[in-house]
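For reference, the structure is listed below as C-alpha cells.
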Amino acid sequence: MVTNVKCQQPLDYIRENNTKESSIRIMTLLSSKGLDADHVYIIGCNDGNIPGQNKSAYLTDHEHKQEQRRLLFVGVTRAKKTVTISWSRHIPYAESQQNNTASIGISKKNGKTMSKVGLSEFLVSINFNLPS
C-alpha cells in the first residue's frame, strides 16, 4: 500500500531515475512512452477521463479520440508482466462536474450526492474478470 507520495518535479519530465527494485515510478501515459515496468497500474479509466475533453484548436474530435486511444495503448504496452486498470463506479458529484467526467446517473451514498460513472469507451468491449 502506498501511504505517501512526494513529487519533486513535474511528472512529464521524469524519464530516468536510478531506482531500487522496491521503488514506484508515477508518470503520465505520455511520459511512459519508451519505458517499461514489470507491473503497470493505470488508474482513473472512466469515461470522460480517457478520452478526456478535446481542448485542442488543431485536432478534430475524432483525431483527439484516436490520440487518446494511442496513449492508452502506450500505457498498457509498458507492462512486462501485468496490467491493472482501475476506474470508479461512483465519484462525488461536484468532482464529476469539475472534471467533465461523464455521468450515467446520480445517487446518494452516506448522505452525499454521487455521480454514477462508467468505464472508458475504449475499454467497454473488453471482457474483464470482475467480481459480481
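The values are calculated or read from the model by the stated rules, or taken from the named source; none is laboratory data. All figures in this text were calculated on a predicted structure; none of them were measured in a lab. We place every Cβ from the backbone using ideal geometry, glycine too, and count neighbours over all the protein chains shown.
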| query | Can you find even one residue in the stretch 74-97 that is crowded, with 16+ Cβ neighbours inside 10 Å, touching a residue at least 60 places away in the same chain (Cβ under 8 Å) and not charged (D, E, K, R)? | reply | no
| task | With the condition kept exactly as written, say whether any residue in the stretch 62-82 is at pLDDT below 90 and among the small types (Gly, Ala, Ser). | result | no
| Yes or no: Ser86 under 21 Å from Arg25 (Cβ atoms) and hydroxyl-bearing (Ser, Thr, Tyr)? | yes
| query | Which is more than 28 Å from Thr113 (Cα to Cα) and in contact with a helix residue (DSSP H, G or I) (Cβ under 7 Å, 6 or more places away or on another chain), of Leu71, Leu35? | reply | Leu71
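Could you run through the stretch 44-69 and say how many residues are under 24 Å from Ser103 (Cα atoms) and surrounded by fewer than 12 Cβ atoms within 10 Å (Cβ to Cβ)?
Here the count works out to 5.
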| query | In the stretch 93-131, which residue that is assigned to a loop (DSSP other than H, G, I, E, B), of a type in the set (S, T, N, Q) and modelled with pLDDT of 80 or more is farthest from Asn54 (Cα to Cα)? | reply | Asn110
